[in-house]
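Encoded as structure tokens, the structure appears first; notes follow it.
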Amino acid sequence: MVADAPDLAAARRLVVKIGSALLVGPEGLRVDWLRGLCDDVAAWRARGCDVVLVSSGSIALGRRVLGLAGGALPLEQAQAAAAVGQIRLARAYEEALAPHGVTTAQVLLTLEDSADRRRYLNSRATMQTLLSLGVVPIVNENDTVATDEIRFGDNDRLAAQIAVTCGADQLLLLSDVDGLYTSNPKTDPDARHLPLIAAITPEIEAMGGDPVSGLSKGGMKTKLMAARTAVAGGCAMAIAEGSVFRPLSAVAQGARASWFLPEADPQLARKRWIAAMKSKGAVVVDAGAARALAQGKSLLPAGVTAIEGSFGRGEPVSITGPEGQRLATGLIRYTAEEARLIAGRQSAEIAGILGYPGRAALIHRDDMAL
């Protein structure tokens with residue numbers, strides 16, 4: 001194992017991206033390999049690690065069922081293949097993890113879901129709840145509707161966004177390459193493998209190459225883009241060759257990989273991101289709520305005395321104390337109009353006031369920078 005490299009076995013929350021070429025071979029789904037991967041997932045779960053799988057493969061599986069020839073597919077055929085393949089992909093993971101007593105969930109997202117703050121907060125809350133319940137989410141791009149993702153997208157960057165969204169401390173990209181090289185090792189015999197990357201410099205970015213697999217869309221360039229997102233969010237990221245049986249165990253035991261070191265821990269990175277946002281309004285709280293916030297608690301509607309400004313769900317707002325002092329910045333879970341209606345009320349009253357069940361906290365502590 002490389003000195004100073006993160007220990008995969010010690011991950012607290014791990015996101016694993018699986019490329020199409022690993023999951024789907026010439027004969028279809030590689031069932032034995034999938035079982036080995038899920039043996040690893042169960043082992044990591046057993047020692048208290050939350051695991052999220054970001055899996056490619058729906059289009060590759062679906063095109064086989066539909067009898068679509070190899071090569072690039074027209075958009076409408078790619079979407080049809082994704083629709084057929086996605087249900088098979090989710091079922092395969094469910095069947096491989098069920099013997100371990102692990103519950104799975106299917107989550108379909110796009111990169112756009114992380115750009116829109118309201119949808120970002122919703123997906124983050126769902127992922128956090130699933131993980132708190134011991135579920136292993138199986139995430140994939142929503143290829144049946146997200147045309148840009150089919151044309152240009154990749155699950156490397158989606159996996160990095162998921163890692164940042166759910167506060168993972170490690171991200172592992174399992175691929176058909178064993179890491180980053182100074183140049184393409186298939187064409188340059190002098191290419192050197194880089195086991196540890198402390199900073200993504202222009203020189204590092206220039207080392208990105210193109211995909212080598214007919215099934216995979218993501219090349220080294222997309223992996224470096226994913227690394228930039230992950231490390232900025234406080235998540236260490238590794239690129240490793242994943243075709244071996246039980247690939248997580250292989251990496252943990254020192255198999256060759258390239259590790260990108262994080263810039264900070266995930267929670268600190270997220271707090272800095274929120275603190276740097278420009279507030280769209282303000283929430284004024286009473287002394288009791290101010291004390292609760294100082295103790296690391298979420299902001300509940302009951303402690304709110306006034307709402308200022310106009311803002312939408314997921315937008316940043318200032319939290320102001322009873323003396324006008326600025327206490328924090330947070331991403332609010334309600335619009336300004338909704339917040340005014342429930343200000344000063346108990347969380348149990350929200351459904352009766354708004355006409356639908358809302359979230360108990362106005363601003364969750366994870367979405368707040370003091």
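Would you give the gap between the C-alpha center of the stretch 277-350 and the C-alpha center of the stretch 26-41, rounded to a whole Å? Each part reduced to its Cα centre gives a spacing of 48 Å.
The DSSP beta bridges internal to the chain are antiparallel in roughly 40% of cases.
Percent of C-alpha pairs per 5 Å bin in the stretch 258-327, short distances first: 3, 15, 21, 22, 18, 8, 5, 4, 3, 1, 0. Please state the shape class of the chain: rounded when a/c is under 1.5, otherwise prolate if a/b exceeds b/c and oblate if not, all from the C-alpha gyration tensor. Here the chain falls in the prolate category. Packing here is the average count of other Cβ atoms within 10 Å per residue, and on that basis the peptides 194-206, 288-300, 33-45, highest first, run 33-45, 288-300, 194-206.
When each full DSSP H helix of the chain is screened for a Cα extent of at least 24 Å along its own axis and an average Kyte-Doolittle hydropathy of at least 0.0, the helices passing are 75-97.
Looking at the stretch 1-116, the DSSP beta bridges with both ends there are about 25 percent antiparallel. Straight-distance candidates among the aspartates and glutamates for linking to residue 17, with alpha-carbon spacing under 13 Å and chain neighbours fewer than 8 residues away dropped: 141, 154, 156, 176, 241. Scoring 265-272, 251-258, 126-133 by mean Cβ neighbours within 10 Å over their residues and listing the highest first yields 251-258, 265-272, 126-133.
Computed from the coordinates by the stated procedures, all read-outs in this text should not be read as laboratory data. This structure is a prediction, so every number in the text was calculated from the model and none was measured. Every residue, glycine as well, gets a Cβ built from its backbone with ideal geometry; the counts of neighbours run over all protein chains shown.
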